[in-house]
1. Helix 196-209 versus the longest principal axis of the chain: what is the Cα-based angle in degrees, 0 to 90, to the nearest 10?
2. Using a 7 Å offset from the Cα along the Cα-to-Cβ direction at both V145 and V44, what is the distance between the two label points in nm, to one decimal?
3. Which whole-number percent is the relative contact order of the chain (Cα, under 8 Å, 6+ apart)?
4. For a protection proxy built on the mean count of beta-carbon atoms within 10 angstrom, sort 108-121, 150-163, 190-203, 37-50 highest first, please.
5. What do the square roots of 5 times the Cα gyration tensor eigenvalues come to for the stretch 54-163, in whole Å, largest first, as semi-axes of the equivalent ellipsoid?
6. Taking H placed 1.01 Å from N in the peptide plane, check which residues at least 5 places from R2 or on another chain put their amide H under 5 Å from its amide H.
7. What spacing in nm lies between the two simple spin-label points modelled at E206 and S56, each 7 Å away from Cα in the Cβ direction?
8. Stick to the Cα atoms of the stretch 1-86, pair each with every other, and give me the Kirkwood hydrodynamic radius in Å at one decimal.
Amino acid sequence: MRRGLLLILSSPSGAGKSTLARRLMAWDPTIRFSVSATTRAPRVGETDGREYYFRSRTDFEQMVRTGDMLEHAEVFGNFYGSPRAPVEAAMQEGRDTLFDIDWQGGQQIRNSALGRDVVSIFILPPSIAELESRLRGRAQDSDSVIADRMAKSRDEISHWAEYDYVIVNSDIDIAFAQLQTILQAERLRRDRQPDLAEFVRAMNKEFTDR
């Protein structure tokens with residue numbers, strides 16, 4: 001059984017990250033989506049462990065101090081982060097965990113104790129004009145919100161070189177095929193297959209037993 005990996009997807013808003021993440025999990029249902037922990041109160045209909053792990057501020061800060069949070073950030077007065085225990089449990093089961101996070105969260109996970117099991121992928125739009133067109137095509141945000149997203153995109157894109165792989169999403173089907181190829185290749189890396197050495201030893205024994 002191979003060890004599960006931590007798959008980080010990052011991109012500026014509108015580049016197609018969420019669509020690719022949904023496709024990947026539909027293609028392979030064994031992939032676990034990382035559920036974040038938060039200190040904000042649950043909203044109507046939200047369940048602990050499904051949308052978020054809801055934790056008190058004291059508990060959250062304790063998890064950070066003890067290294068039980070792979071990454072975390074404070075957003076509008078509330079903490080958000082990725083608990084370590086569910087990720088390690090999935091890894092031991094040979095399941096991969098998908099993180100839909102920004103470059104800052106990705107950087108923290110790469111620097112964590114599980115950093116050697118990280119595969120990070122940055123999704124780029126084909127152009128800035130196309131990125132803005134996609135944001136406007138959603139018809140969800142006001143002009144001011146779109147302007148804020150575009151301003152933030154410049155900073156996010158500046159971190160592209162920190163990632164293991166970069167996919168330019170000019171065509172969603174091609175981008176998804178590239179994402180599949182990356183995952184399949186990474187799963188076959190020698191150091192992700194802990195039983196491989198024993199398998200080869202058994203094969204060599206067959207030579208001596210002939």
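1. For helix 196-209, the angle is close to 20 degrees.
2. Computed distance between label sites V145 and V44 equals 2.0 nm.
3. 31
4. Working: 108-121: 17.6, 150-163: 13.9, 190-203: 10.5, 37-50: 12.1.
Highest mean packing first, the order is 108-121, 150-163, 37-50, 190-203.
5. The three semi-axes for the stretch 54-163 are 30, 19, 12 Å.
6. For R2, no residues qualify.
7. Using points 7 Å along Cα→Cβ, the separation is 5.9 nm.
8. 14.6
No value in this document is a laboratory result; all are computed from the given coordinates. Since this is a predicted model, take the numbers as computed values, not measurements. All Cβ positions, even for glycine, are placed from backbone atoms using ideal geometry, and neighbour counts span all protein chains on display.
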